[in-house]
Amino acid sequence: MNAETFGKTDLFLWDHTSPEETIKFLKNAYDFFSSSSVKDSYRIFALKVVAKYITKAGFPRDQKALNAAALYIVNRLPASHPNHSSKKEFAERLKVTETSLDWYVSSIIENLGFFTIRDRKNFPYYIERDGITFAVISSVVKVFVEESIVQGLAELKPFDIKNVVDQILDMLITKLRIVPPVFRRDLTIKIEADLQEEFANTII
């Protein structure tokens, strides 16, 4: 195993601009987060989102709207449930337009690949694809799928996607508690659809 793969980052902040410009931009973002009265851990997470975004997409036209969008996403992690405040309410609190907030939220999700799950009231929550929560979900899915495949190939028991997904969700929600139970229905749909597509041409 190559130890150099541990802690590898995709932050290349000096590729498109000078260090001075980037540092000033990030300081302005942090000042914005500090003035918004949020937890320090949320400020750092939101700052990381902004840093990754400008690495991928460059500087935005509206920094305040980008800052607000990063904070909106960070405030809607699965652990924050129940969180039923609307984008309109969030935009008004941070003094940005709802249209700008919506555009930058969509742009962050697209550029950084955030995974979206919804609660029973259809409110969105976001999971960072290179974060701990998504890594655990991916690992659990991989383990259960691989075990089910080899059992199917050895004819120990047939491969049943619905049964596999149930086992995956039991592990994630009941045993590991990586996501709250309220997301079981949406995660079931997403994981099952992903596995159905993956095994569309596979007979086990």
- request: Mind listing whichever residues of the stretch 54-82 are at pLDDT 95 or above and aromatic (F, W, Y)?
  value: Y72
Residue check for S86: over 14 Å from L101 (Cα atoms) and among the small types (G, A, S): no
statement: Those residues of the stretch 125-151 that are part of a helix (DSSP H, G or I) and within 16 Å of the chain's Cα centre (by Cα) come to a total of 8
message: Could you list, ordered by first residue, the pairs with Cβ atoms under 7 Å in which the first is in the stretch 147-159 and without any contact (Cβ under 8 Å) to a residue 60 or more places away in the chain and the second is of a type in the set (D, E, K, R), at least 6 apart or interchain?
response: Q151/K157
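The values are calculated or read from the model by the stated rules, or taken from the named source; none is laboratory data. Bear in mind that the values here come from a model prediction, so they are computed numbers and not experimental data. Methodologically, a virtual Cβ is constructed for each residue, glycine included, from the backbone with ideal geometry; neighbour enumeration extends over all protein chains shown.
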